[in-house]
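Take a look at the structure below.
No value in this document is a laboratory result; all are computed from the given coordinates. The structure displayed is predicted, hence computed values, not measured ones. We place every Cβ from the backbone using ideal geometry, glycine too, and count neighbours over all the protein chains shown.
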Amino acid sequence: MENLPATNSSRNSLARFWPWLVVLVVLLFVGYVRVRLLEMPLERDEGEYAYAGQLILQGIPPYELAYNMKLPGTYYAYAAGMAVFGETIKGVHLTLIAANSLTIISMFLLGRKLFGVIGGLVTCASYGIVSVSPSVVGLAAHATHFVVLFAVPATLLLLKACETNRRGTLFFSGLLYGLAFLMKQQGVCFGFFGGSFLVWRAVQGGSVFSADFVKKISAFGIGMILPFALTCLVMALSGVFSEFWFWTFTYAHSYATAMPLPEGIHLLDVSVSSTFDLSIGFWIIMAVGLPCALFSKSMRNRAVFVLFLYLCSFFGTCIGLYFRPHYFILMLPAFALIQGMAVVSMQQALRFKLLENVWKSLPVILFATVLAWVVFYQSLFFFQLSPVRVVQHLYSWNPFVESLTVAKYIREHSAQNARIAVMGSEPQIYFYAQRRSATGYIYTYSLMESQPNALKMQHEMMREIEAVKPEYLVYVAYGFSWNFRPDSDHTILRWFDEYAGRLYQKVGIVQLDSKGATEGIWGEAAEKMPEPDGNHIAIYQLKSDLPTTAIKAN
């Protein structure tokens, strides 16, 4: 009898901690995949965030030497991560591991709160495995990973605030939703979800016009607005508010409204079709479990909650109608919650007294089978390909591997304070080279688009480069680095031919050889070599024997 309390305590401890062991397994698997590919070369979005974060660590505010339409939250997230893990490829991907791991844990807590332990574990595993999937470009540290990093705990706090009736909790929920928006504009969909949910509850309770509700929604709204308001203040104090506003709102609006609806629908169809084989198991679970949840009185309200979150997340993905793979990361939290809800709802529907535990285990076995298929389907990326091969496989016709060679040459052949300019959309070169840009136009997409400021932007980029006289010019002869359109204005390309021909000499050509390996041709051999017909990167150095008057004339 003396040992009985200890036995019960031991069992209680096991019951309390075994779910966390499963969460740990998910974290270890996802962490293994990410650590194995830790040195995977950066793609251009990562390069943009890393370069902007690098500048922030040097005291240079966003939008001064790096123009882009994204809000600066992810820049600061990268800066914080690189301050801890280092300004390297590895540092960037360790930052992603930290952010992704925290989101996975938050997904378990949110799923457990809504659907119990089994629902939480299914939610956690679903999100963890899919968030690292190449189907959503999950191996790269995109801004959408940082959006959900804040949106998921914000939703958890939202539920807790509704239980405890505490305005302070609502404030912090709004604050996290506001940070999600700051990571990228699409994050506004989660803030809209949170505010709408509060209004819906108030309407149901008949308190929408009460003083108490006004105080609650005010606390939530103030929290949500605060991060953006402070960002505007910081941008103003840094002297870049006009650039910040133009790029993140004026130009961003033009970009987001440029895609025709039929073309957007086609892109959505392509995205869904391309991942059908991978995700068919999840859709089967969803098709079977969702009706079970909607027909269950105990589950119906929670089902409506999750479906509304899914709908809002989808609207966030739809903004601009571009439907790029990493945009779907915004939908993963709601998608994973639906998986957790579906499994638990199927368990409830299979409540038979005969062999009850066997029946209850069937939905879990189905989910485990689906998860195993998802891992097997992507095993080439998860377990076999090298970091370089993964990038070449996922981003063919993009010079992400070649950028390392270009940047290494510049870094080894220039002073630390040298300025460079990349003619193309490859900001990772600036980050690798650890050299500041001579122009804020680290992307050239906007210059080729059918938008009212395109030609003005071209002239501004030309003036900025001419004013700085960078030591190196890098021309990226890859179509995906420019995204030329039939009506694109090529003024800047004609300017470059004249400008580089007059003041610069070609010192390097980087391209892929017949086996897919990076090949560099340097010095006199590069200068005498005719311009290759295929994809390549050309490096130009400012001529050292130029007359002073020739330089001043421009």
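A few notes on this one:
- Beta bridge orientation in the chain: antiparallel %, DSSP, nearest 5: 75 percent
- Ordering M423, V468, V507 by the projection of their Cα atoms onto the charge dipole of segment 402-552, which places +1 on the Cβ of Lys and Arg and -1 on the Cβ of Asp and Glu, puts V468 at the extreme positive end.
- Potential extension, H413-I284 segment - 0.36 nm per residue separation minus Cα distance: 40.7 nm
- When the listed pairs K90/K184; K160/K353; K70/K90; K469/K506; K113/K360; K160/K184 are checked against a 27 Å cut-off, the alpha-carbon distance exceeds it for K160/K353.
- Remark: relative contact order (the chain) = 16 percent; criterion is Cα-Cα distance under 8 angstrom and separation of 6 or more residues.
- Computed over segment 238-391: relative contact order in percent, which uses C-alpha pairs under 8 Å that are six or more apart: 27 percent
- Packing-based ranking, highest mean first, of 97-105, 454-462, 234-242, 179-187 given that Cβ atoms within 10 Å are counted: 179-187, 97-105, 454-462, 234-242
- Listed by number, the DSSP H helices of the chain that run 30 Å or longer by alpha-carbon position along their axis and have mean Kyte hydropathy of at least 1.6 are 211-237.
- Note on V199/L109: beta-carbon distance plugged into 1/(1 + (r/R0)^6) with R0 of 30 Å gives a FRET efficiency of 0.75.
- For H266 and L380, the difference between the fully extended length at 0.36 nm per residue and the C-alpha to C-alpha distance is 38.2 nm.
- Plainly put, segment 449-507 has a radius of gyration that is 0.97 times its Kirkwood radius, both from alpha-carbon atoms, as the Rg/Rh ratio.
- Placing one equal scatterer on every Cα of segment 14-119 and applying the Debye formula, the log10 ratio I(q)/I(0) at q = 0.11, 0.21 Å⁻¹ is -0.45, -1.02.
- Annotation for segment 287-318: chymotrypsin sites (Phe, Trp or Tyr not before Pro) lying in DSSP loop with at most 12 further Cβ atoms inside 10 Å of their Cβ are F295.
- With 0.36 nm allotted per residue and the present C-alpha distance subtracted, the L294-F192 stretch has 34.4 nm of extension available.
- Kirkwood Rh, angstrom, segment 96-169 [1 / mean 1/r, Cα pairs]: 12.8 Å
- Sequence-separation-based contact order of segment 402-552, relative, with Cα cut under 8 Å and 6+ spacing, percent: 25 percent
- Reduced Cα scattering model of segment 402-552, Debye log10 I(q)/I(0), q = 0.14 Å⁻¹: -0.67
- Taking trypsin sites (Lys or Arg not before Pro) across segment 300-352, the ones in a DSSP loop with at most 10 further Cβ atoms lying within 10 angstrom of their Cβ are R351.
- Estimated translational diffusion coefficient (Stokes-Einstein, Kirkwood radius over Cα pairs, 25 °C, 0.890 mPa s) of the chain: 96 µm² per second.
- Unit charges on C-beta of K, R, D, E only; dipole of segment 402-552, Debye: 460 debye
- Residue exposure sequence - Y51, Y32, Y67 - by fewest surrounding Cβ within 10 Å: Y32, Y67, Y51
- Ranked by the mean number of other Cβ atoms within 10 Å of their residues, highest first, the peptides 202-212, 277-287 come out as 277-287, 202-212.
- Residue among S437, I539, Q451 farthest towards the positive dipole end of segment 402-552, charges placed on Cβ: S437
- Taking amide hydrogens as placed 1.01 Å from N in the peptide plane, the amide H of V507 sits under 5 Å from those of I539, Y540, Q541, each at least 5 positions away in sequence or on another chain.
- Packing, as the average of other Cβ atoms within 10 Å across residues, places the peptides 145-152, 82-89 in the order 145-152, 82-89, highest first.
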